[in-house]
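This report refers to the structure that appears directly beneath it.
Nothing in this text is a laboratory measurement; each read-out follows from the coordinates by a stated rule. All of these numbers come straight from a predicted model, not from anything done at the bench. Cβ placement follows ideal geometry from the backbone for every residue including glycine, while neighbour counts extend to all protein chains displayed.
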Amino acid sequence: MSVIYILWLRQLKRYLRSRARIISSLAQPLIYLLAMGYGLSPVFKQAGMGSYIQFVTPGLIGMTILFTSVFSGIDLLMDRQFGFLKETLVAPVPRVWIILGRILGSATVAVLQGTLFLAVCFLAGFRCHNVGAFPETFLFMAITAVLFTALGSVIGSTLHDMQAFQLVVSFLILPLFLLSGAIFPLVNLPRPLAIVVCINPLSYGVDGLRQSLIGVGHFGLMTDFAVLTVVAALLVVLGSYLFSKIQL
C-alpha cells in the first residue's frame, strides 16, 4: 500500500510543479466555453432550452477530465524512456500496486483540473442548481477520471513510442468528446448517433455531472454510476494486466 501512496504523491507533485501543464489543460475547454457558451447562447435560448453556458459547462468539465486523464498515459512512456519505470519495476512489490498508484495519482490530477475549471465557470456565469449535490459531482468526476486514466494506461502499456501514443490518443479523444452529448442535448437524436452516444462511456460521465450540477439528465444517476463503475473496473483490470506484461 505504501507503493500506491508514493506513486500517487509523485504524480501529484509532478502536476503541481508544472504551471504550463495546468494552464494548457485549462486553455482548450476555456476557449470552448467562451466561444460556444456565449456564441450559441442566444440560439439555445430561442429554442427554449435555457442558458447554453449552464448546459455546456458539465460537458466541458468532462472534457477537461478526459484530456488530462488519457494523456497521463504518456507519463508511463516517459518513465520507460528515462529509466524511472525500470527502477520501479524491480521493487519487490506486485506490479498491480504500481499501476494502481499511477492510476490513482493521475486521476487525482484530473479531478483537480476539473475542479479548477469548475471554479473558472462560476466566474463566467455558471450557477449550479443545488450546492448540496457537490459530493455527487465530485464522485462522478473521480470515477470518470479513474476510467480514462486507466484507458491511458492501457494505451501507454501497449505502445513504445510517444509520438504513436499522441497520434492514437488524439484520434480517440475528439470523437469521445464530440459524441458524448457534452455540447448537444441527447433528445431526438438520429438512431445511429444515439447508439454511438450510448456506447460512449464519457456520455455517462457528462450526464452524471450535468444532472448533479444543473438537475438535467438523460440516463439517470444510477445508470450513469453503474456504467462508469463497471467500465472503469474493467479498464483498471486490463491496464493492470498489460502493465504486468511490460518487458524492459
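General observations
- If the segment from Thr229 to Leu34 were pulled out straight at 0.36 nm per residue, it would be longer than the present Cα-Cα gap by 67.0 nm.
- Backbone geometry of region 216-232 corresponds, through the Karplus equation with coefficients 6.51, -1.76 and 1.60 at θ = phi - 60°, to 3J(HN,Hα) couplings of 10, x, 10, 8, x, 4, 5, 5, 4, 5, 5, 5, 4, 5, 5, 5, 4 Hz, x marking Gly and Pro.
- Shape call, region 90-218: gyration tensor on alpha carbons, a/c limit 1.5: oblate
- Residues Thr115, Thr64 arranged by fewest to most Cβ contacts within 10 Å: Thr115, Thr64
- Taking other C-beta atoms within 10 Å as the exposure proxy, Leu33, Leu167 rank Leu167, Leu33 from fewest upward.
- The label-point distance for Tyr241 and Gln163, in a model that sets each label 7 Å from Cα toward Cβ, rounds to 3.2 nm.
- Using θ = phi - 60° in the Karplus curve 6.51 cos²θ - 1.76 cosθ + 1.60, the 3J(HN,Hα) couplings for region 158-170 round to 9, 10, 10, 10, 5, 5, 5, 4, 5, 5, 5, 5, 4 Hz; x is entered for Gly and Pro.
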